[in-house]
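Remarks on the structure that follows.
Derivation of every value follows stated rules applied to the coordinates shown; laboratory data play no part. Small disclaimer: the values here were computed from a predicted structure and weren't measured. Reconstructed Cβ throughout: ideal geometry from the backbone, glycine too, with neighbour counts over all protein chains shown.
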Amino acid sequence: MKKNIYAVLAVLLALSSCSQESPTSAGPEGEGSRIYFRSYLPTVTQTRAGVITKENLNECHVTSFNPDDNKLIDPETGEMTPYFINQRFEKDGEGHFLPQGEESCIWPDSRSRLHFFAYSPSVGSMQETIDGKKFNIVNNSKQTEDGTCILDYRIESFKVAPDISDQVDFITAYSHGTGKDNGDSGIDLNFSHQLARIEISAWGANDKYDFEIAGVRIGNAVTEGDFYFSSLTPSSGVASWINTEYNLSPIEHIFTDGESIVFISKDNALHTTEAEAASIMGSAGPAMVIPMPEKIEAWEGKGDPKTQQHPYSTDKLYFSVLLRVTNRGENTVVYPYPNDRDNMKTIHLAVGEDGKVIKRVYLIGEEYYTSNHENEGSKYIPNETEEVHSYCWAALPVGAKWDAGKIYTYKLNYTNGIGWHDPDDPNPGEPIIERGKIPFEVNVEDWVAAEDYNPNLEVPKR
């Protein structure tokens with residue numbers, strides 16, 4: 001009886017074996033052929049190490065289901081076991097993705113239709129950055145009493161790292177085939193990026209102020225959700241995120257050792273036009289966030305009804321930039337405010353003459369330390385080529401709906417504003433100095449198909 005496949009399937013399960021038992025060969029065509037993949041990935045400009053491109057995609061992990069094999073279905077409960085689980089496939093010198101390990105993944109016969117779900121990077125790469133909290137892999141795939149196979153296999157509590165520099169890309173692919181049709185030709189894996197990519201740059205020609213930027217924060221991005229891999233009906237085939245509505249939290253990157261401070265100055269002609277806008281993401285590169293199920297409204301600043309609550313919180317979207325603002329052409333600091341008048345959260349960085357961060361330091365009393373604990377061994381005294389600069393967050397509202405696989409490029413214009421006090425500040429939403437609003441423009445770029453892709457490859461025999 002032919003089975004209908006109509007639910008969704010995810011693939012991450014950290015098991016090492018390629019098959020649950022030795023597959024049987026039941027037909028002459030494709031008999032004994034090793035299962036083999038060709039990868040395909042849309043082109044994207046690589047601006048950080050965590051972005052996966054067709055050039056650096058060297059391995060993927062694949063799980064396969066064979067709904068036609070009754071031996072993989074528990075006769076009492078109907079629970080279904082994958083044909084093989086989390087098998088690593090590695091690219092060879094000719095661009096072929098071949099199974100690795102002691103066992104080879106082979107077609108069970110010529111007629112059974114296998115369903116393949118692939119992802120990259122590895123489970124460890126995605127989990128190791130989330131402070132010991134690992135997502136859960138849930139397999140509820142089963143056959144119902146009427147013989148229908150429901151493949152329900154997903155990731156629960158997938159998280160993106162709170163530090164943008166620790167985030168990684170996440171790509172998936174779905175395909176299917178039989179030994180008869182694909183034993184010699186192989187299987188195409190058409191990968192899609194499942195996160196949204198956010199890039200922020202800044203420029204300005206302010207008549208009164210010069211700016212130093214040393215970090216960026218995205219307030220209330222979607223950072224956790226459940227992920228269903230591509231569904232198995234011909235009309236769907238699109239992966240989906242669910243249960244993301246209430247998993248909002250800030251993500252950020254504060255510049256660290258060796259990163260260059262971004263200077264915006266009309267006097268020195270530094271990033272004074274939109275065309276000269278400079279990235280403020282530092283070495284972390286663009287943020288990777290879970291797509292939004294619906295638009296998140298822009299934070300209202302002082303108009304937010306929660307602004308009087310302490311501790312302050314908001315469920316609206318905003319950007320915040322770690323700033324040091326000086327009077328134009330002078331070295332008089334106007335923000336952070338002199339004398340710490342508002343008891344704000346201030347970040348201190350030792351900066352060299354070349355404008356690069358040397359290290360983060362902490363002000364305790366009137367002394368600087370390399371840790372947030374006062375002891376003589378960590379006391380920091382700048383030398384003649386270093387200065388300690390202080391920075392505070394300055395926020396601006398932004399409303400958005402970010403979709404999977406798309407790049408969102410923001411350019412912040414500091415010509416006429418500095419921003420609002422960050423939601424974490426004692427006076428959230430108050431304009432900094434006398435100006436608040438910052439205009440910006442956003443462009444959305446689709447990730448386009450890869451070039452120089454040769455789909456006609458020979459499949460090596462076992």
Tell me, what HN-Hα J-couplings in whole Hz come from the Karplus equation 6.51 cos²θ - 1.76 cosθ + 1.60 at θ = phi - 60° for each residue of the stretch 406-412, using x for Gly and Pro?
-> 10, 9, 10, 10, 9, 10, 8
Once phi is turned into θ = phi - 60°, what whole-Hz ³J(HN,Hα) does the Karplus curve with 6.51, -1.76 and 1.60 give for every residue of the stretch 212-227, x standing for Gly and Pro?
-> 10, 10, 9, x, 9, 9, 10, x, 6, 6, 7, 10, 8, x, 9, 10
So who's got an amide H within less than 5 Å of the one on Lys54, skipping anything under 5 residues away but keeping other chains? H placed 1.01 Å off N, in plane.
-> Val44
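Could you order the peptides 86-99, 360-373, 107-120, 172-185 from most to least packed, using the average number of other C-beta atoms within 10 Å per residue?
Values: 86-99: 16.6, 360-373: 14.2, 107-120: 22.7, 172-185: 20.3.
So the peptides 86-99, 360-373, 107-120, 172-185, ranked by packing, come out 107-120, 172-185, 86-99, 360-373.
Between their Cα atoms, which of Lys208/Lys356; Lys356/Lys379; Lys54/Lys411; Lys208/Lys411 are more than 22 Å away from each other? Numbers along the way, then the final one.
Numbers: Lys208/Lys356 24 Å; Lys356/Lys379 20 Å; Lys54/Lys411 28 Å; Lys208/Lys411 20 Å.
Distance filter (> 22 Å) returns Lys208/Lys356; Lys54/Lys411.
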For Ala298, the residues 5 or more places away or on another chain with a placed amide H closer than 5 Å to its own amide H are Leu317, Gly399
When Lys and Arg each count +1 and Asp and Glu each count -1, what net charge do the other residues less than 11 Å away from Asp152, Cβ to Cβ, add up to?
-> +1
Could you pull out every residue, at least 5 positions away or on a different chain, whose amide H is within less than 5 Å of the one on Leu270? Hs are placed 1.01 Å off N in the peptide plane, and Pro or chain starts have none.
-> Ser265
Under the Karplus curve 6.51 cos²θ - 1.76 cosθ + 1.60, θ = phi - 60°, whole-Hz ³J(HN,Hα) for the stretch 349-360, x wherever Gly or Pro sits | 10, 7, 10, x, 4, 7, x, 9, 5, 8, 5, 7
Where does the charge balance sit around Val138 when Lys and Arg score +1, Asp and Glu -1, over other residues with C-beta under 9 Å from its C-beta?
-> -2
